[in-house]
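Participant: Attaching a single structure in structure tokens format; questions to follow.
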Amino acid sequence: SQELEQSPQSLIVQEGKNLTINCTSSKTLYGLYWYKQKYGEGLIFLMMLQKGGEEKSHEKITAKLDEKKQQSSLHITASQPSHAGIYLCGADLSGGNQFYFGTGTSLTVIP
Amino acid sequence: EAQVTQNPRYLITVTGKKLTVTCSQNMNHEYMSWYRQDPGLGLRQIYYSMNVEVTDKGDVPEGYKVSRKEKRNFPLILESPSPNQTSLYFCASRFLSIGTDTQYFGPGTRLTVL
């Protein structure tokens, strides 16, 4: 079973549209990380959330961690082709340093 | 420049031939980790280390070994590789304390076992 569920699995949007990716856990999230990956390449760190209710933004990307610390969302405003790639959430679910990733969301942005 | 380096980047080998993938970080991070990435299965943790001489199994440790003799290095060893270990491997490092802002990833090693 997947410890972290991401939805949707894939997303195709027109340039300029907003979109949201969700990451849900059945356990408390001790630090939730968002990464972006170009196909077959390394992971680029986007943001890290720790506190319930926390929200962080970087350029047109905003991530939130809900109050119960079991779900996070990543929102992209006015998407651009440069946003295309695979978005991954990752988390420590036990406080013990074992790390889990979601299965990823593949984003395609059509110019 | 803060970075995690992995070598080799690409490797094709045959079943049973021992191999080592090296990982090195220059940030004095306590925590280092290895992951494999497979289509449909995502990234799964193989082993992690919280400091020198301290290693723990992740989700998929079978068929792998690691060592942490120095803080900066965390090699991944496949004693007898098999085709099901064909995958994309990533090494990562960060400071140990929860709430650390960034986990740095290496560029990946694409391994093919024939």
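The values are calculated or read from the model by the stated rules, or taken from the named source; none is laboratory data. As the structure is a computational prediction, the values presented were derived from the model and not from experiment. Heads up, the Cβs are rebuilt from the backbone with ideal geometry, glycines too, and the neighbour counts pull from every protein chain shown. These area figures cover heavy atoms from the full protein model, side chains too; ligands, DNA and RNA do not enter into them. Shrake-Rupley method; radii C 1.70, N 1.55, O 1.52, S 1.80 Å.
Participant: Say we look at region B:68-95 and pick out the residues that are more than 23 Å from A:Phe101 (Cα to Cα) and among the small types (Gly, Ala, Ser); which of these is nearest to the other protein chains (Cβ to nearest Cβ)?
Facilitator: The residue in question is B:Ser82.
Participant: Could you go through region A:26-41 and let me know if any residue there is more than 14 Å from every other protein chain (Cβ to nearest Cβ), under 23 Å from B:Arg94 (Cα atoms) and modelled with pLDDT under 90.
Facilitator: Checking region A:26-41: at least one residue is more than 14 Å from every other protein chain (Cβ to nearest Cβ), under 23 Å from B:Arg94 (Cα atoms) and modelled with pLDDT under 90.
Participant: Which ones in region A:19-44 are among the hydrophobic types (A, V, I, L, M, F, W, C) and open to solvent by 50 Å² or more (accessible area, probe 1.4 Å)? Steps first, answer last, please.
Facilitator: Initial filter on region A:19-44 (among the hydrophobic types (A, V, I, L, M, F, W, C)): A:19, A:21, A:23, A:29, A:32, A:34, A:43-44.
Result: A:Ile44, single match.
Participant: Condition test on A:Gly52, is it more than 16 Å from A:Leu4 (Cα to Cα), free of Cβ contacts under 8 Å to residues at least 24 places away in the same chain, more than 12 Å from chain B (Cβ to nearest Cβ) and in a loop (DSSP other than H, G, I, E, B)? Let's see the steps before the verdict.
Facilitator: Details: more than 16 Å from A:Leu4 (Cα to Cα): yes; free of Cβ contacts under 8 Å to residues at least 24 places away in the same chain: yes; more than 12 Å from chain B (Cβ to nearest Cβ): yes; in a loop (DSSP other than H, G, I, E, B): yes.
So A:Gly52 fits the description; yes.
Participant: Please enumerate the residues belonging to region A:3-18 that are hydrophobic (A, V, I, L, M, F, W, C) and either open to solvent by 50 Å² or more (accessible area, probe 1.4 Å) or under 17 Å from A:His75 (Cβ atoms) (or both). Walk me through it before giving the result.
Facilitator: Going residue by residue through region A:3-18, those that are hydrophobic (A, V, I, L, M, F, W, C) are A:4, A:11-13.
Once the filter is applied, which keeps residues that are hydrophobic (A, V, I, L, M, F, W, C) and either open to solvent by 50 Å² or more (accessible area, probe 1.4 Å) or under 17 Å from A:His75 (Cβ atoms) (or both), region A:3-18 yields A:Leu11, A:Ile12, A:Val13.
Participant: Got a number for residues in region B:44-63 being open to solvent by 60 Å² or more (accessible area, probe 1.4 Å) and outside any strand (DSSP E or B)?
Facilitator: Matching residues across region B:44-63 total 3.
Participant: Quickly run through region A:5-42 and pick out the residues that are within 12 Å of the chain's Cα centre (by Cα) and under 27 Å from B:Gln6 (Cα atoms).
Facilitator: The answer is A:Leu32, A:Tyr33, A:Trp34, A:Tyr35, A:Lys36, A:Gln37.
Participant: Looking at region A:62-80 only, could you name the residues that are part of a loop (DSSP other than H, G, I, E, B) and of a type in the set (S, T, N, Q)? Step through it out loud before you land on a result.
Facilitator: Start the filter on region A:62-80 by keeping residues that are part of a loop (DSSP other than H, G, I, E, B), which leaves A:66-70, A:77-80.
Selection gives A:Gln70, A:Thr77, A:Ser79, A:Gln80.
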